[in-house]
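Student: Submitted below is the structure of interest, expressed as structure tokens.
The values are calculated or read from the model by the stated rules, or taken from the named source; none is laboratory data. In this text the structure is predicted, and so the values were computed from the model without any measurement. No Cβ is skipped: glycine too gets one built from the backbone with ideal geometry, and neighbour counts run over all protein chains shown. Just so you know, the surface numbers come from the protein's heavy atoms only, side chains and all, with ligands and any DNA or RNA stripped out. Shrake-Rupley method; radii C 1.70, N 1.55, O 1.52, S 1.80 Å.
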Amino acid sequence: MSVAVTTFWWVRHAPVKAMMPGRIYGQRDLGCNLKDVDRLKALADQLPTEAVWVTSTLSRTKKTAKAIAEQQKTAIKTLAYKELMEQNFGLWQSKTWDDLEEEGEADAFWADPANLTPPDGESFALMCKRVQKCVTHLHKKYAGQHIICVAHAGTIRAALAQALDLSPEQALRFKIDTLSLSRIQHFVQDGRADSWAIDGINF
């Protein structure tokens, strides 16, 4: 019997710069604050030194990956996937939740946050589908390897939903901090049956 174990090391990017608390930034390509060197070093110490490094196409994930690798003293080449980007909040991006309250749009969102689609954006449920398709591609292409994925809170929730067979509504209950680590393993036995295991979330 042969078992291929693929380990996903999910890291949420460093805190976004110059954004008010409660502001929706979604897929806006904003810079990040990399001043917490102690936390970057702690992450570097936990991550494998030989791995495939993956990010979204947003610069805050690429810069965070580079900063962690520098602490690890590892030369890396990252693979950027647009499918791993944060949820697209469309015309709501750059607004605050208070703005949406005043505009009368917040109630509909909070009534069904997983399925409501912001104007010119996408729902969290749709985001889950694109993320999960990419995760499947990764564990097939890099079966048996370590994959370090520096991404976003929504992306990591979508990956957890896939591993735990959760609905998008249930996945939204996870709290994912900046510069946190979540570790998920994917198993394939004899090239056929596959399963998942969660080693830790948001640590």
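Student: Of everything in the stretch 82-114 that's among the aromatic types (Phe, Trp, Tyr) and at pLDDT 95 or above, which residue is nearest to residue 147 (Cα to Cα)?
Tutor: Once the filter is applied, the top-ranked residue is 89.
Student: Go through (1) in a helix (DSSP H, G or I); (2) open to solvent by less than 10 Å² (accessible area, probe 1.4 Å); (3) touching a Phe, Trp or Tyr at 6+ places or on another chain (Cβ under 8 Å) and name the single condition residue 114 misses.
Tutor: Failing condition for residue 114: (1).
Student: Filter the stretch 136-163 for residues that are within 11 Å of the chain's Cα centre (by Cα) and not in a strand (DSSP E or B) and give the result.
Tutor: Selection gives 152, 153, 154, 155, 156, 157, 158, 159, 160.
Student: Another question, then. So which of 41, 17 ends up being at pLDDT below 95 and over 17 Å from the mean Cα position of the chain (by Cα)?
Tutor: Exactly one residue qualifies, and that residue is 17.
Student: Additional query: For residue 45, state whether it is closer than 29 Å to residue 143 by Cα and part of a helix (DSSP H, G or I).
Tutor: yes
Student: Can you tell me which of 34, 79 is touching a helix residue (DSSP H, G or I) at 6+ places or on another chain (Cβ under 6 Å), modelled with pLDDT of 95 or more and either surrounded by 15 or more Cβ atoms within 10 Å (Cβ to Cβ) or in a strand (DSSP E or B) (or both)?
Tutor: 34
Student: Out of all the residues in the stretch 179-191, which are of a type outside the set (Phe, Trp, Tyr) and open to solvent by 50 Å² or more (accessible area, probe 1.4 Å)?
Tutor: 183, 189, 190, 191
Student: Test of understanding: among 158, 125, which residue is among the small types (Gly, Ala, Ser), within 25 Å of residue 33 (Cα to Cα) and buried (at least 17 other Cβ atoms within 10 Å of the Cβ)?
Tutor: None of the other options fit; the residue is 158.
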